[in-house]
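Okay, structure first, notes after.
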Amino acid sequence: MTNSLRAQGHHRSPLPPAQQPADGVPAPRPPRTSAVATADTAGAAPGDKPAQRRDAFFDNAKYLAIVLVAMGHSWEPLKGQSRVLEALYTVVYTFHMPAFIIISGYFSRSFDMRPDRLKRLVTGVAVPYVLFETAYSLFDRWVGGDSGQDISLLDPWYLTWFLVALFVWRLTTPLWKLVRWPLPVALCCALLASVSPDIGDDLDLQRVLQFLPFFVLGLCMKPEHFQLVRRREVRILSVPVLAAALAVGYWAVPRMNTAWFYHRDSAQELGAPWWAGVVMTLALYGCSLVLTACFFAWVPRRTFWFTALGAGTLYGYLLHGFVVKGSDYWGWFDHGWLHKPLGELFVTVAAAALVTVLCTRPVQRLFHFAMEPKMAWAFKRDAADIARDRAKANA
């Protein structure tokens, strides 16, 4: 499981081959044992190879990224009164979702239209989207007051946009594997979306298209690409790069609209000329890739106490939003001491602790019905399975 780097000048052990998690990244399915990977064992076709061991590097990366996501959401009600906090928020938002999406694309490389994988896509992504989009809308209506959100499966609200995007990206994976130049094509689609205000809000297509290049990049990546950013010189170089990013973020706080980092609007909707959409999108993509590489460079490869939590990050991702939104609705962020440095630190630690608890096995067991429903009743049985059952009965 552990793949620690050896001293410089010696050969490094390569990362294991890509494994396909149950339903993308963040992935909810925990390892069946401490040494066995999840992969596609539940629905593997005859002749498939046994599941690979889980790689601690990717589980660590997913856990650390989901912690950053929770911290960023907890900073939103506080950042308006703190330039330092808003600078941190800007830097984190530059790379935390791109890192998630790149890993998601990497683990989708083996996705095809095989029936068992389509079933897993429906039960692991589409069904949780329907359930949580409905749950968040009702929560906003009952807790948020008069401005409650209408239930609309075509208009993802808050965190659920990622499930829509993941469903679309994975469903189109065979197409991207067929195209000769997938990354340039995906980049062109994203740039066109950034200058197309008429796309509208249905299925949050702006985000689906503008984040698409990161998913396609993950599809194109190989294990050795992750090995490149794990080199010692990259880790050393990432320290001044991150320091420079924080300095630029601090400088940009009063000068830049942070909505650019969400990739949910066109340039015209942000009050900028169309050409600014192309320039800003390309610039942000470059910054995102550099900071994502810095993030991966410092992700540990050894197994730690939090490594197993990386398999339950979808639970943490979808559930922590109720606490963050509820805290905002109930006025918990209005206390003056929370807007002081110690208060901001307390909120940050509390957000990290919250999402950590939500990724644990007891929480996964409690919400398994919503995240990973089996739904055998909804699908036809595969002909190969029926044939195997008949053969066993006649044996």
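Being of a type outside the set (Asp, Glu), more than 20 Å from the chain's Cα centre (by Cα) and closer than 30 Å to residue 268 by Cβ, is that true of even one residue in region 159-179? Checked region 159-179: at least one residue is of a type outside the set (Asp, Glu), more than 20 Å from the chain's Cα centre (by Cα) and closer than 30 Å to residue 268 by Cβ. The residue that is farthest from residue 89 (Cα to Cα), among those in region 355-382 that are in contact with a helix residue (DSSP H, G or I) (Cβ under 6 Å, 6 or more places away or on another chain) and outside any loop (DSSP other than H, G, I, E, B), is 370. Of all the residues in region 350-381, those that are loosely packed, with under 13 Cβ neighbours inside 10 Å and either acidic (Asp, Glu) or under 16 Å from residue 321 (Cα atoms) (or both) number 1.
Screening residue 194 against (1) within 25 Å of residue 318 (Cβ to Cβ); (2) more than 16 Å from the chain's Cα centre (by Cα) leaves a single unmet condition, (1). The residues of region 302-314 that are in contact (Cβ under 8 Å) with a residue 40 or more places away in the chain and either surrounded by fewer than 21 Cβ atoms within 10 Å (Cβ to Cβ) or touching a His at 6+ places or on another chain (Cβ under 9 Å) (or both), listed by number, are 302, 303, 304, 306, 308.
A count restricted to region 141-182 and to residues that are of a type in the set (S, T, N, Q) and assigned to a helix (DSSP H, G or I) stands at 2. Among the residues of region 176-190, which ones are of a type in the set (A, V, I, L, M) and modelled with pLDDT under 95? 178, 179 - these are the residues of region 176-190 that are of a type in the set (A, V, I, L, M) and modelled with pLDDT under 95.
A quick yes/no check of all residues on (1) farther than 22 Å from residue 138 by Cβ; (2) in contact (Cβ under 8 Å) with a residue 60 or more places away in the chain; (3) not hydroxyl-bearing (Ser, Thr, Tyr):
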{"residue": "331", "(1), (2), (3)": "no, no, yes"}
{"residue": "346", "(1), (2), (3)": "yes, no, yes"}
{"residue": "371", "(1), (2), (3)": "no, yes, yes"}
{"residue": "379", "(1), (2), (3)": "yes, yes, yes"}
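Within this structure, residue 173 passes the test of being over 23 Å from residue 70 (Cα atoms), crowded, with 18+ Cβ neighbours inside 10 Å and β-branched (Val, Ile, Thr). Checked against the criterion of being in a helix (DSSP H, G or I), closer than 26 Å to residue 161 by Cα and polar (S, T, N, Q), region 311-328 has at least one qualifying residue. Pairs are defined by a Cβ separation below 8 Å, a sequence spacing of at least 6 or placement on different chains, a first member in region 125-143 that is closer than 9 Å to residue 163 by Cα, and a second member that is surrounded by fewer than 16 Cβ atoms within 10 Å (Cβ to Cβ) and among the hydrophobic types (A, V, I, L, M, F, W, C); the pairs so defined are 129/153.
The values are calculated or read from the model by the stated rules, or taken from the named source; none is laboratory data. All values derive from a computational prediction rather than experimental measurement. Note that each Cβ is placed from the backbone with ideal geometry, even for glycine, and that neighbours are counted across all protein chains shown.
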